């Protein structure tokens, strides 16, 4: 028997306990798994314990504002989609939040139907996992895939990839074939065990040296290979095709 899918998870971070409680009650009634935190440090502790699909972050909080909090959440759980809520929404605030990777910025008082619609849209975005030990490349792929409408988790080595795969159903994995203390074949084995339906794109900058390994993993069921330096449109089109999305989706 297939295990039931886990309920989508939302973390609400706000130093107003009534606002947290009211929104948590509404989201729980809609079937979400909800946690709350009153400030940045408490939120980071929760994020380190478990992954969340969406984080609803108040902008103005003591000690750490919502933008700085999301920058730190992103380092731990890059696949968490952030929606920033602020009573102090300005062009500068919005630019700062979006520049940090937040998905949407909403003004207080919150338009509740719009907020609930955005939460639903966020959890419906396909989850991509990028496994590569180059932080700059991971950051570039994160930006490109987020702009394409994907949630994007990141791992720099095999243990981190295993941890990310435990966090939720991944639709597509982009895996470098050369990793610290292992290779992309080991990650592919983890993917097949944790998310059998996930599609896999192998990536490498060592075409000749990795040729035998690439062919072996393709025979084992990987879907495609893209070589560095990437043809970015081709790479994105490959991911869209594997996940059944059109170029205009997202």
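List of remarks:
- Unique match (being closer than 21 Å to residue 66 by Cβ, in contact (Cβ under 8 Å) with a residue 60 or more places away in the chain and under 13 Å from the mean Cα position of the chain (by Cα)) among 172, 119, 85, 152: 152
- Test for residue 95: is it outside the structural domain of residue 44 (by TED's automatic domain parsing) and either under 17 Å from residue 11 (Cα atoms) or free of Cβ contacts under 8 Å to residues at least 60 places away in the same chain (or both): no
- Failed item in (1) over 21 Å from the mean Cα position of the chain (by Cα); (2) surrounded by fewer than 20 Cβ atoms within 10 Å (Cβ to Cβ); (3) modelled with pLDDT under 95, with residue 197 passing the rest: (1)
- Pairing each residue of the stretch 23-52 that is closer than 13 Å to residue 116 by Cβ with any residue that is part of a helix (DSSP H, G or I), provided the two are 6+ apart or on different chains, yields C-beta distances under 6 Å for 34/24; 34/27; 34/28.
- Filtered residues of the stretch 1-55 (kept if assigned to a helix (DSSP H, G or I) and surrounded by 20 or more Cβ atoms within 10 Å (Cβ to Cβ)): 20, 23, 27, 40, 43, 47
- Residue check for residue 102: surrounded by 15 or more Cβ atoms within 10 Å (Cβ to Cβ), touching a strand residue (DSSP E or B) at 6+ places or on another chain (Cβ under 8 Å) and closer than 17 Å to residue 167 by Cβ: no
- Verdict on residue 179 being surrounded by fewer than 22 Cβ atoms within 10 Å (Cβ to Cβ) and outside the structural domain of residue 230 (by TED's automatic domain parsing): no
- Members of the stretch 191-203 that are in contact with a strand residue (DSSP E or B) (Cβ under 6 Å, 6 or more places away or on another chain) and not in a loop (DSSP other than H, G, I, E, B): 191, 199, 200, 201, 202, 203
- Filtered residues of the stretch 222-243 (kept if assigned to a loop (DSSP other than H, G, I, E, B) and closer than 16 Å to residue 129 by Cβ): 222, 223, 243
- Those strands (runs of 3 or more DSSP E) of the stretch 102-166 in which at least 1 residues are outside the structural domain of residue 60 (by TED's automatic domain parsing), considering only elements entirely within it, cover 127-131, 151-155.
- Identity of the residue in the stretch 78-99, assigned to a loop (DSSP other than H, G, I, E, B) and at pLDDT below 95, that ends up surrounded by the most Cβ atoms within 10 Å (Cβ to Cβ): 89
The values are calculated or read from the model by the stated rules, or taken from the named source; none is laboratory data. Remember, predicted model here, so these are calculated numbers, not experimental data. Cβ: placed from backbone, ideal geometry, glycine included. Neighbour counts: every protein chain shown.
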